[in-house]
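In what follows, a structure is listed as structure tokens, so that the remarks can point back to it.
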Amino acid sequence: MDNAQTLSPEASEASTADFLPLLGTDYVEFYVGNAKQSAYYYQHAWGYEVVAYAGPETGVKDRASYVLQQGKIRLVLTTSLQPDSIISDHVKKHGDGVKVLALWVTDAAKALEETVSRGAKMAIPLEEKTDAFGTVKTASIFTYGETIHTFVERKNYTGVFMPGYQAKSSSFQVKPVGLQYVDHCVGNVGWGEMNTWVKFYEEALGFKVIISFDDQDISTEYSALMSKVVSNGNGFVKFPINEPAKGKKRSQVEEYLDFYHGPGVQHIAVATDNILETVADLRSRGVDFLEVPASYYDDLHARVGDIQEDINEIRKLNILVDRDDQGYLLQLFTKPVEDRPTLFYEIIQRRGARAFGKGNFKALFEAIEREQERRGTL
Ligand code: FE2
């Protein structure tokens, strides 16, 4: 039975002007235990290039940050150089994790004012940072857990990232894997909190719910979760919000909350236009993916019809396929990229489909449960 409701962002757009126009995801910042080594992992395994750096060599005494880029995706990896700091506290509690989901705006002051006047809580006031390349304005609000959204206005800036950082390049030849943009970022929130956070995105940021899944959609024999996807007006920014649901055993969202010690970013979906090449490259560099059983492919054609890709290649790389009324999508999920079973990545290629792979949920969650079982956390 199909309990999902799919609305297009256009159809649900309010008649009033968008009070928070977003140009896209500006960057994702991680607080990590060792940014130098994380930066090496993202360069070597994922093909991101270092483009900027801030640290003692550039006059920043308390932290080191590496800015990495591939396509339109920008990651910032930040570590503390001191035992007592917001960054160290974050890493101690959560392990390596996402602190900032930054949103690219045309007017940071207005973004802060509009969202705070609608109930958002300010995390960092408006800041104007200037160097020889111009000015960047930023301001931040809190979202779930200790995660924040930073509004970034860079229309008067021509430098590589922002003032305070210096241009830097990778010290070896990085080979990109074809990643292009952030498709969506998923948050895990606590029991019964999904609707609170959906309401926050609706009211304070002007987002709309475009899809919702209940625990009947997303359940296996053992565990369940519920999810709603909120999107901004132009669809450039999409945030699915998950909460755990009761099952016979422990929900994967509950496992996340236990290990992250609170709500946080569960996965980041990055888009490619050639998933076969991207996944083959990532696998050859040691990135681990969830495995679905061979039987998943037995009825693939019956479920999704004709696709452009070679089914044998799809099967060999263990890629998942799903179709909605507008096309199909190919996707694949990594295992968690830290020792704690917290953040992971999704690789996604959209061929028309605008949904999130509901047809794959069962196979996917059973794969996650096999991993939970190995960790003794199911
Ligand atoms: Fe996803």
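Across the range 321-330, which residue is farthest from the ligand (Cβ to nearest atom) among those that are touching a residue at least 40 places away in the same chain (Cβ under 8 Å) and farther than 13 Å from LEU300 by Cβ?
The residue in question is ASP325.
Could you grab me the full set of residues in the range 79-108 that are open to solvent by 60 Å² or more (accessible area, probe 1.4 Å) and basic (Lys, Arg)?
LYS92, LYS93
Just give me the residues in the range 202-245 being within 28 Å of ARG370 (Cα to Cα) and among the aromatic types (Phe, Trp, Tyr), in sequence order.
PHE213, TYR222, PHE239
Quick check: is even one residue across the range 204-213 more than 16 Å from the ligand (Cβ to nearest atom), open to solvent by 50 Å² or more (accessible area, probe 1.4 Å) and assigned to a strand (DSSP E or B)?
Scanning the range 204-213 turns up at least one residue that is more than 16 Å from the ligand (Cβ to nearest atom), open to solvent by 50 Å² or more (accessible area, probe 1.4 Å) and assigned to a strand (DSSP E or B).
Mind telling me which of the residues ASP288, ASP310, ASP325 ends up being closer than 17 Å to VAL177 by Cα and of a type in the set (D, E, K, R)?
Exactly one residue qualifies, and that residue is ASP288.
Is it the case that VAL174 is modelled with pLDDT of 95 or more and within 19 Å of the chain's Cα centre (by Cα)?
no
From the list ALA224, ALA294, ALA271, which residue is more than 16 Å from the ligand (Cβ to nearest atom), hydrophobic (A, V, I, L, M, F, W, C), crowded, with 21+ Cβ neighbours inside 10 Å and within 21 Å of GLY359 (Cα to Cα)?
When all the criteria are applied, what remains is ALA224.
What pairs come out if I take residues in the range 192-207 that are among the hydroxyl-bearing types (Ser, Thr, Tyr) and pair them with residues that are surrounded by 22 or more Cβ atoms within 10 Å (Cβ to Cβ) and at pLDDT 95 or above whose C-beta lies under 8 Å away, six or more apart or interchain?
Note: pairs meeting the criteria are THR196/VAL189; TYR201/PHE207; TYR201/VAL230; TYR201/PHE239; TYR201/ILE241.
In the range 109-119, is there at least one residue being open to solvent by less than 60 Å² (accessible area, probe 1.4 Å) and touching a Lys or Arg at 6+ places or on another chain (Cβ under 8 Å)?
So far as the range 109-119 goes, yes, one or more of its residues are open to solvent by less than 60 Å² (accessible area, probe 1.4 Å) and touching a Lys or Arg at 6+ places or on another chain (Cβ under 8 Å).
What number of residues within the range 166-193 are of a type in the set (A, V, I, L, M) and either away from the ligand (no atom under 16 Å from the Cβ) or under 21 Å from MET122 (Cα atoms) (or both)?
Summing the residues that are of a type in the set (A, V, I, L, M) and either away from the ligand (no atom under 16 Å from the Cβ) or under 21 Å from MET122 (Cα atoms) (or both) in the range 166-193 gives 4.
Restricting to strands (runs of 3 or more DSSP E) lying wholly in the range 99-175: which have 1 or more residues that are of a type in the set (Gly, Ala, Ser) and free of Cβ contacts under 8 Å to residues at least 40 places away in the same chain?
122-131, 134-142
Would a scan of the range 278-288 turn up a residue that is in contact (Cβ under 8 Å) with a residue 40 or more places away in the chain, farther than 18 Å from PRO336 by Cα, of a type outside the set (Gly, Ala, Ser) and surrounded by fewer than 19 Cβ atoms within 10 Å (Cβ to Cβ)?
No, the range 278-288 contains no residue that is in contact (Cβ under 8 Å) with a residue 40 or more places away in the chain, farther than 18 Å from PRO336 by Cα, of a type outside the set (Gly, Ala, Ser) and surrounded by fewer than 19 Cβ atoms within 10 Å (Cβ to Cβ).
Just name the residue that is nearest to VAL270 (Cα to Cα) out of those in the range 173-203 that are open to solvent by 70 Å² or more (accessible area, probe 1.4 Å) and aromatic (Phe, Trp, Tyr).
TYR181
ASN318 - would you say it is surrounded by 18 or more Cβ atoms within 10 Å (Cβ to Cβ), farther than 30 Å from TYR144 by Cβ and touching a residue at least 24 places away in the same chain (Cβ under 8 Å)?
yes
Does LYS72 meet the test of being touching a residue at least 40 places away in the same chain (Cβ under 8 Å) and surrounded by fewer than 21 Cβ atoms within 10 Å (Cβ to Cβ)?
In short, yes.
Quickly run through the range 339-378 and pick out the residues that are touching a Gly at 6+ places or on another chain (Cβ under 9 Å), within 13 Å of the ligand (Cβ to nearest atom) and not in a loop (DSSP other than H, G, I, E, B).
Correct list: GLU346, ILE348, ARG350, LEU364.
Are there any pairs, at least 6 apart or on different chains, whose C-beta atoms fall under 7 Å, with the first in the range 355-367 and at positive phi and the second within 14 Å of the ligand (Cβ to nearest atom) and of a type in the set (A, V, I, L, M), and if so, which?
Short answer, once both residue conditions are applied: GLY357/LEU320; GLY357/LEU329.
Hey, does the range 237-244 have a residue that's open to solvent by 20 Å² or more (accessible area, probe 1.4 Å) and either more than 19 Å from GLN331 (Cα to Cα) or more than 16 Å from the ligand (Cβ to nearest atom) (or both)?
The answer is no, given that none of the residues of the range 237-244 is open to solvent by 20 Å² or more (accessible area, probe 1.4 Å) and either more than 19 Å from GLN331 (Cα to Cα) or more than 16 Å from the ligand (Cβ to nearest atom) (or both).
The values are calculated or read from the model by the stated rules, or taken from the named source; none is laboratory data. This one's a predicted model, so the numbers in the text were calculated from it and none came from an experiment. Positions of Cβ are backbone-derived with ideal geometry, glycine not excepted, and every protein chain shown enters the neighbour counts. Quick note on the areas: whole protein, heavy atoms, side chains included, nothing else; ligands and nucleic acids left out. Shrake-Rupley method; radii C 1.70, N 1.55, O 1.52, S 1.80 Å.
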